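Visitor: For reference, the structure I am asking about is given below.
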Amino acid sequence: MADGSGRFALRAEGVRHAYGKSDVLKDFSLEVGEGEFVALMGPSGSGKSTFLHLAAGLLKPSAGRIRVGGVEVTALGDGAAARFRRRHVGVVFQSFNLIETLTVAENILLPARLDRAAIDRRRLDMLIDALALRGLEGKLPGALSGGERQRTAIGRALYMRPHAILADEPTGSLDAKSARAICGLLAEMNKTECIAVLLVTHDPVVAAAASRVCFIKDGAIAASRPTGGDTAEISRLYLEICS
Ligand SMILES: Nc1ncnc2c1ncn2[C@@H]1O[C@H](COP(=O)(O)OP(=O)(O)O)[C@@H](O)[C@H]1O
Ligand SMILES: [Mg+2]
């Protein structure tokens, strides 16, 4: 398992992916260090979601490889990829993807239950407090606001202490205030838990929560810069590089 690339939470090398005849990713390489918070920006249709699906082992690339925490996800079969994802990768989608018949606490614990792992009540408690979900533990997702649903999804992604969180436009269906709260929480959890975060967005305000931003263009990373939390500079670079 350890192969010298363990200092990277995620390392993609020369990834290619095509749907039919159209290449979406051409020679895509990206590294996210352990505990690093990276934003991946690009316009709609540039292949951001495709890359996250590849990194989570939900899709197989036509060439190249992706390692997460030193494990070559792209070489795993479907069953092994599903197990790996459950234990070592936290995935957060725009649409939350919560189980509507399970409570907030049950949703957070779902990966552990599926893995038949012992339940760590202290960790659940810590996450509920950190994600401002206290008092909502027993509620069903249908009774929550969008921001609360997304905080639950982040709790589920964090519970297993993954190598990396892969977040695909997690603020895309939230109002500006809830979106800012989610970005702040991701930044805080990244720091306190030292879990790497790869956050896909086309919103410079969201990207500013990360310490580094990478821009995707024509199926590859065209540039990578420290954000300095500077939304205006991220907007400028985005326009310069991606349009
Ligand atoms: N399952 C699919 N089948 C065919 N084409 C797809 C599929 N998923 C995405 N695409 C196409 O691939 C391109 C990249 O999509 P996507 O990765 O979703 O981009 P982004 O997340 O950056 O908006 C788009 O042109 C999209 O239409
Ligand atoms: Mg997308």
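Visitor: If I take R0 = 25 Å and measure r between the Cβ atoms of ARG134 and GLU13 in this structure, what FRET efficiency does the formula 1/(1 + (r/R0)^6) give, to the nearest 0.05? List each step's numbers first, then the result.
Guide: Values: r = 43 Å, r/R0 = 1.70.
Plugging the Cβ-Cβ distance into 1/(1 + (r/R0)^6) gives 0.05.
Visitor: Angle, helix 231-242 long axis vs. longest principal axis of the chain, Cα atoms, 0 to 90°, nearest 10?
Guide: Long axis of 231-242 versus the principal axis of the chain: about 40 degrees.
Visitor: A follow-up question, please. Quick one: Debye curve from the alpha-carbon atoms of the chain only, equal weights, vacuum; give me log10 I(q)/I(0) at q = 0.07, 0.14, 0.15 Å⁻¹ to two decimals.
Guide: Taken in order of the listed q values, log10 I(q)/I(0) reads -0.21, -0.89, -1.02.
Visitor: If you take every DSSP beta bridge fully contained in the chain, what fraction is antiparallel? Give it as a percent rounded to 5.
Guide: Details: 21 of 40 bridges.
Expressed as a percentage, antiparallel bridges in the chain total about 50.
Visitor: Also, I was wondering about something else. List the residues whose amide H sits under 5 Å from the amide H of VAL92, counting only those 5 or more places along or on another chain, with H placed 1.01 Å from N in the peptide plane.
Guide: Here LEU166, ALA167, ASP168 satisfy the definition.
Visitor: Comparing SER44, SER95, SER29, which has the greatest mean-square fluctuation in the GNM of the chain with Cα pairs linked when under 10 Å apart?
Guide: SER44
Visitor: Which of rounded, prolate, oblate describes segment 12-65, given a ≥ b ≥ c as roots of the alpha-carbon gyration tensor eigenvalues and a/c under 1.5 marking rounded, otherwise prolate only if a/b is larger than b/c?
Guide: Values: a/c = 1.94, a/b = 1.45, b/c = 1.34.
Cα axes put segment 12-65 in the prolate bin.
Visitor: Would you mind calculating the gained length between LYS21 and GLU233 on full extension (0.36 nm times residue separation, minus the Cα-Cα distance), in nm to one decimal?
Guide: Values: separation 212, 0.36 × 212 = 76.32 nm, distance 3.59 nm.
Stretched fully, the LYS21-GLU233 segment lengthens by 72.7 nm.
Visitor: Along each principal axis of its Cα atoms, how long is segment 100-243 end to end? Whole angstroms, biggest number first, please.
Guide: Rounded to whole Å, the extents work out to 47, 29, 26 Å.
Visitor: Using r as the Cβ-Cβ distance of ASP125 and ARG225, and R0 as 30 Å, what FRET efficiency do you calculate, to the nearest 0.05?
Guide: Numbers: r = 38 Å, r/R0 = 1.27.
Computed FRET efficiency for ASP125 and ARG225 comes out at 0.20.
Visitor: Continuing with this model, one more query. Test of understanding: in a Gaussian network model of the chain with alpha carbons linked when under 10 Å, which of GLU188, GLU169, GLU36 would top the mean-square fluctuation ranking?
Guide: GLU188
Visitor: At 222 nm, what value in deg cm²/dmol follows for the chain if DSSP H runs of at least 4 each add -39500 (n - 2.57) and the sum is divided by all its residues, to the nearest 500? Walk me through the numbers on the way to the answer.
Guide: On the way: 8 runs with 88 residues, N = 243.
Here the helix-only value at 222 nm equals -11000 deg cm²/dmol.
Visitor: Further question on the same structure: Write down Rg/Rh for segment 152-227, rounded to two decimals, with Rg from the C-alpha atoms and Rh from the Kirkwood relation over Cα pairs. Walk me through the intermediate numbers first.
Guide: Details: Rg = 12.5 Å, Rh = 13.0 Å.
That ratio equals 0.96.
Visitor: Turning to a different aspect of this structure: How many nm separate the modelled label positions at ALA80 and ASN97, each set 7 Å beyond the Cα in the direction of the Cβ?
Guide: Once both label points are built, they end up 2.1 nm from each other.
Visitor: Determine the dipole magnitude for the chain: charges of +1 sit on the beta-carbon of Lys and Arg, -1 on that of Asp and Glu, nothing else is charged, the reference point is the Cα centre, and the result goes in debye to the nearest 20. Could the numbers behind the result be given before it?
Guide: On the way: 31 positive and 27 negative charges, 97 e Å.
It comes to approximately 460 debye.
Visitor: So if I place +1 on the C-beta of Lys and Arg and -1 on the C-beta of Asp and Glu, and nothing else carries charge, what would the dipole magnitude of segment 83-158 be about its Cα centre? I want it in debye, nearest 20.
Guide: Values: 14 positive and 8 negative charges, 69 e Å.
So the dipole magnitude of segment 83-158 works out to roughly 340 debye.
Visitor: Here is a further query. Which order do the peptides 173-180, 147-154 come out in when sorted by mean C-beta neighbours inside 10 angstrom, highest first?
Guide: Values: 173-180: 15.4, 147-154: 24.4.
Top of the packing list down: 147-154, 173-180.
Visitor: Report, in degrees rounded to the nearest 10, the 0 to 90 angle that the Cα long axis of helix 78-88 makes with the longest principal axis of the chain.
Guide: The helix 78-88 is inclined about 70 degrees to the chain.
Visitor: Right, something else. Which pairs break 32 Å Cα to Cα here: LYS139/LYS191; LYS139/LYS217; LYS60/LYS177; LYS26/LYS177; LYS21/LYS191? Don't skip to the answer; put the middle values down first.
Guide: Values: LYS139/LYS191 28 Å; LYS139/LYS217 42 Å; LYS60/LYS177 36 Å; LYS26/LYS177 36 Å; LYS21/LYS191 41 Å.
Table pairs above 32 Å Cα-Cα are LYS139/LYS217; LYS60/LYS177; LYS26/LYS177; LYS21/LYS191.
Visitor: Using the basic label-point model (7 angstrom from Cα toward the beta carbon), what is the ALA176 to SER29 distance in nanometres?
Guide: Going from the ALA176 label point to the SER29 one covers 4.0 nm.
Every number here is computed from the coordinates shown, using simple stated rules; none is lab data. None of these values were measured; they are calculated from a predicted model. Note that each Cβ is placed from the backbone with ideal geometry, even for glycine, and that neighbours are counted across all protein chains shown.
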